[in-house]
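Just below is one structure, and these are the notes that go with it.
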Amino acid sequence: MSEFLLEILCEEIPASLQQPMAEELLQLIIKQLDERKIAYQHPKAYSTPRRLVAVFEQIPTEIAAQIEEKKGPRVGADDKAIQGFLKGAGLTSLDQCQQQETPKGIFWIAQIRKEGGKIADLLPIIIAQAVQQVNWPKSMRFGDQQFRWIRPLRHILAVFDGKALPGFITLSARQITFTNKTVGHRFMAPAEMTVQSWKECQEKLRNAYVVVDTAERRQKIENQIAALERKTGHHLKQDIGLLNEVVGLVEWPVVLVGDIDKDFMELPPEVLATSMRVHQKFFSLLDKNGKTAPHFLTVANIQASDSGEAIIKGNQRVLRARLSDARFFYQQDCKIPFADNIAQTKNILFYQGLGTVYQKTERLQSLVQKISQHIPGLNAADAVRAAQLCKADLVSKMVREFPELQGIMGDYYARVHGEKVEIGQAIREHYAPLGPNDQCPRQPISLLLALADKIDTLVGFWGINQKPTGSKDPFALRRQALGVIRLILENNLRLPLRDIMHFAYWGYGEVGVWSEKSSVTDKAHQPKLLANQLLEFLVDRLKVSLKEQGVRHDLITAVFANQQDDDLLLLVRKIKALQEFITKADGSSLLVTAKRAGNILAIEEKKDNKTYQPLSKLGKAMPAEQQLLDQLTKIKPSFQQHLQAEKFGDSLSLLIQLRKPLDQFFDDVVVNSQVAEERLQRLQLLAGVRDLVTKVADLSKVEGI
């Protein structure tokens, strides 16, 4: 068993593609090894800005001859099938085949011998095919070559069993021959080095200022940052995305600290951080009070002889120019009354068929008034004002330069021009939550505006049939739906979502969602259909969210199945009550019996093409029938009281009293009696059980009982 090492050297690869493409290259090699039944151990992928590396610790030096069996047609099949089988197996006569008896008959079997050989002769072919098959999101041709790659290829190291593999890759106009040599850091150690193993390669590259392991580079950066934090007394403003990017920009990370001119410290901290992050890939530092410190961290890709002084001065000079631009944008924006920006949003298209941003804010003003009655402690006039202003910062110079500051700059500009703090905060927070780790707004106006914005977007895209399909969700509608769910549940909101969605639908007017060409019937029906589909989509997202919290998906389905309730908070409370109920032994036993009752009833109703209703009084009856009706009559008033008080756990607990009479009913009574009156009465009794139980959930949807 021998080690196989592959390193592909090229010009700088975008940071976000390095490790994913190294993993893809590794998997392409693994696929070919598996197809050839070549064993391997501990495959690993590594990457740097200039390298993709694949390592296999143990691969056999030779592959043994193999016998493969190929199943052919049935004995006695027509000659055309026989000849096709022989041709595919590389044989000329059935005399070269065997017969094999199977439960389905006797079939011809061909035994095909595959000769073995040296792995070193196969690996060059595998490498060439894998390199050709790497599927870059974007690729390029370089020079007069037709070969496409993310960046120009320079060098390929391919070592097996301590020796360079013979082989090459053709790049149209030239070839890159495999070698056992690599190179170090582009500037500090560009000389070639010969390597025979992965361990030696790592050591020599590290001595040549290249850290191949992404995790090791990250740790190296974090250790240096920690040392500078102790030295300066400041701490890093956490930015995982920037850290991931910077790790992919350097082969030998050196963290340096620079200064920000005091003249720029009056800018909003988000502007400072964003300008440094977007343009220069600088990290922000915070002082002990959590405020932006007048310093930044940068990660250089070189260990300079002057300890990085020239690099720091150059970065500070460039940063000064960038922040001067940002300060100009901010000052110019502040000169214009914030409300004056509203008219300019008429020139910004929200989406084709959904009108302009100005029209969206008009819809939001109506929608927040509609929803405001369901949110306690709310100033509806302030909410309407926030809705009117919430998109006005989109036309500002700052947001045009840094789109990620939308909402944030709206907050600053609103406050500069005298708007209430709550209105500015709502403008800032109405895009939230942006993801699963983002906090939900708590302030009533912020919460209301965030909810209205997402519902308006969902209704609009559903109205023009731009829904998520499969893995495609170009408008992040799943994220918007999860945002609606979190806003409702985390703030304990009771909302009639269907009614709100109907209102949002009609708010679009003639903007694409519906038109005068539709018939009156279609117009009346369409919002109901849309609301049902959108509510189903929200419930699907709710299932995903609750499943991550350990709630069974079938309980969600069971609770929602027979409900017309669109109150998500109420649904979740029912789901949690049902989940707790089925963990009890008596509860689980009752569900088995109740599910049996529901299944029998469903079968008979389908057969009779009718729906059976509960009865209040029995005719001629067996004792078990009377006991079941008596128990139903006894618990029904208390059950209804608990249900109205939304004490779903107490409601379900009452149902346990039905278990014994229901079990006795099935032991003593034949439901499908030959006597029509008896059969009708017994089915009506089961309808009474179903009517009570399904007030909380459709137990037929609960799995495993």
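Bear in mind that the values in this text are calculations on the coordinates, not laboratory data. All values reported here derive from a predicted model rather than from experimental measurement. With ideal geometry, Cβ positions are generated from the backbone for all residues, glycine too; neighbour counts draw on all protein chains shown.
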Tell me what the chain gives for mean residue ellipticity at 222 nm when only DSSP H runs of n ≥ 4 count, each as -39,500 (n - 2.57), the sum divided by the residue total, rounded to 500 deg cm²/dmol. -16000 deg cm²/dmol
Restricting to DSSP loop positions (anything but H, G, I, E, B) with no more than 12 other Cβ atoms inside 10 Å of their own Cβ, which GluC sites (Glu not before Pro) remain in the stretch 245-289? 266
Point-charge dipole on Cβ atoms (K/R +1, D/E -1) for the stretch 66-114, about Cα centre, debye to 20: 180
Loop-located trypsin sites (Lys or Arg not before Pro) in the stretch 39-122, at most 16 other Cβ atoms within 10 Å (DSSP): 104
Summing +1 for each Lys or Arg and -1 for each Asp or Glu, what net charge is found among the other residues whose Cβ lies under 15 Å from the Cβ of residue 457? +4
Just subtract the alpha-carbon distance of residue 281 and residue 31 from 0.36 nm times their residue separation and send over the number in nm, one decimal. 86.3 nm
Be a star and scan the stretch 291-326 for residues whose amide nitrogen sits under 16 Å from the point 7 Å along the Cα-to-Cβ vector of residue 231. 295-313
In a shell of Cβ-Cβ distance under 15 Å around residue 246, excluding residue 246 itself, what net charge do Lys and Arg (+1) and Asp and Glu (-1) give? 0
Between the stretch 278-326 and the stretch 51-97, what's the alpha-carbon centroid distance in Å? 63
In the stretch 403-456, the trypsin sites (Lys or Arg not before Pro) that fall in loop regions by DSSP, at most 13 other Cβ within 10 Å: 442
Quick note on 363, 322, 277, ordering by fewest other C-beta atoms within 10 Å, gives 322, 277, 363
Could you give me the ³J(HN,Hα) list for the stretch 390-396, computed from phi with Karplus coefficients 6.51, -1.76, 1.60 and θ = phi - 60°, whole Hz, x at Gly and Pro? 5, 10, 5, 6, 5, 9, 6
Using a Förster radius of 56 Å, what is the FRET efficiency between residue 680 and residue 464 based on their Cβ-Cβ separation? Nearest 0.05, please. 0.65
(1) 57, 48, 24; (2) 43, 30, 28; (3) 58, 37, 18: which one is semi-axes √(5λ) of the Cα gyration tensor in Å as calculated from this entry? (1)
Which whole-Hz couplings ³J(HN,Hα) result when phi for each residue of the stretch 49-63 is put into the Karplus expression 6.51 cos²θ - 1.76 cosθ + 1.60, θ = phi - 60°, listed in order with x for Gly and Pro? x, 10, 9, 10, 10, 10, 10, 10, 5, 9, 9, x, 7, 9, 10
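Could you line up 263, 161, 667 from fewest to most neighbouring Cβ atoms inside 10 Å?
Ordered from fewest to most neighbouring Cβ atoms within 10 Å, 263, 161, 667 come out as 667, 263, 161.
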Of the residues 465, 424, 88, the Cα lying farthest along the dipole of the chain towards its positive end, which is defined by charges on the beta carbon of Lys, Arg, Asp and Glu, belongs to 465
Explain nothing, just the number: dipole magnitude of the stretch 214-335 about its Cα centre with +1 on each Lys and Arg Cβ and -1 on each Asp and Glu Cβ, in debye rounded to the nearest 20. 80
Among 293, 274, 191 - extreme Cα towards positive end, dipole of the stretch 174-318, charges at beta-carbon: 191
Nearest 20 debye, what's the magnitude of the dipole of the stretch 17-87 about its Cα centre given +1 on Lys and Arg Cβ and -1 on Asp and Glu Cβ? 140
Summed residue charge, Cβ within 14 Å of residue 446's Cβ, Lys/Arg positive, Asp/Glu negative: -2
Between residue 196 and residues 5 or more places away or on another chain, which pairs have amide H atoms under 5 Å apart, with H built 1.01 Å from N, and which residues are they? 201
Candidate span helices, the chain: DSSP H, at least 20 Å along axis from Cα coords, Kyte-Doolittle average at least 0.0, result 119-133, 444-463, 568-582
Ranking 651, 589, 324, 471 by Cβ neighbours within 10 Å, fewest first, what do you get? 471, 324, 589, 651
To the nearest 0.05, the calculated FRET efficiency linking residue 148 and residue 609 through their beta-carbon distance, R0 being 41 Å, is 0.05
